[in-house]
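Structure first, then comments.
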């Protein structure tokens, strides 16, 4: 296992760190701007890029780039929603997503306001739909950014911080502990499990705000 993990980390580190960082930023930007994240999750690219971090400087730059990429993507989604939202909604891609998801996104934003924008970063499907929905709603851009920025920072910190720390710790452990590879894989799997469970918990708690009701709940 140690040899396999070391091989995987070295493969990632063999990619130029600037290119690796830019690819991560681009992936997360596409995920939130033009719905590609519904097919190829940008968080997977960020996680892989984080494994290749070799210093705290690289980690900071990667984390910052991911935040900027997420904000750029969500801004693109916002303005696409503002300028061409109805057209996107009724396009082939919009129909593939399903009217049900569009309606749920609108209902969620209407009832929860800014809280919906913050939490949507951690919710399946909605993380790509909400920026478009916000743009169509007339919600102010600065208010939108004020809610989505802390969510992007938190998301980036968790992914980049845990994955890069696990890779760094592995290199130290692998010199003295023969099962270090299993520890590394365990940490990454634990991160993924915690992320999935957290998303499920948030989704379940917020479901009532997306369900049909004659008594809407308002947000900030």
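The values are calculated or read from the model by the stated rules, or taken from the named source; none is laboratory data. None of these values were measured; they are calculated from a predicted model. Positions of Cβ are backbone-derived with ideal geometry, glycine not excepted, and every protein chain shown enters the neighbour counts.
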*Which of the residues spanning segment 53-71 are assigned to a helix (DSSP H, G or I) and buried (at least 18 other Cβ atoms within 10 Å of the Cβ)?*
58, 59, 62, 63, 65, 66, 67, 69, 70, 71
*Filter segment 91-123 down to residues that are exposed (fewer than 14 other Cβ atoms within 10 Å of the Cβ) and either within 15 Å of the chain's Cα centre (by Cα) or within 16 Å of residue 77 (Cα to Cα) (or both), then give me how many there are.*
2
*Only one residue in 70, 49 is closer than 24 Å to residue 144 by Cα and modelled with pLDDT of 85 or more. Which one?*
70
_With the structure loaded, tell me whether residue 151 is surrounded by fewer than 23 Cβ atoms within 10 Å (Cβ to Cβ), in a helix (DSSP H, G or I) and either touching a residue at least 40 places away in the same chain (Cβ under 8 Å) or under 17 Å from the mean Cα position of the chain (by Cα) (or both) or whether it fails that test._
yes
*asked:* Show me the helices (runs of 4 or more DSSP H) found entirely inside segment 80-141 where at least 3 residues are at pLDDT 90 or above.
replied: 99-112, 114-120, 126-137
_Number of the condition not met by residue 128 [criteria: (1) under 24 Å from residue 90 (Cα atoms); (2) under 16 Å from the mean Cα position of the chain (by Cα); (3) surrounded by fewer than 21 Cβ atoms within 10 Å (Cβ to Cβ)]_ = (3)
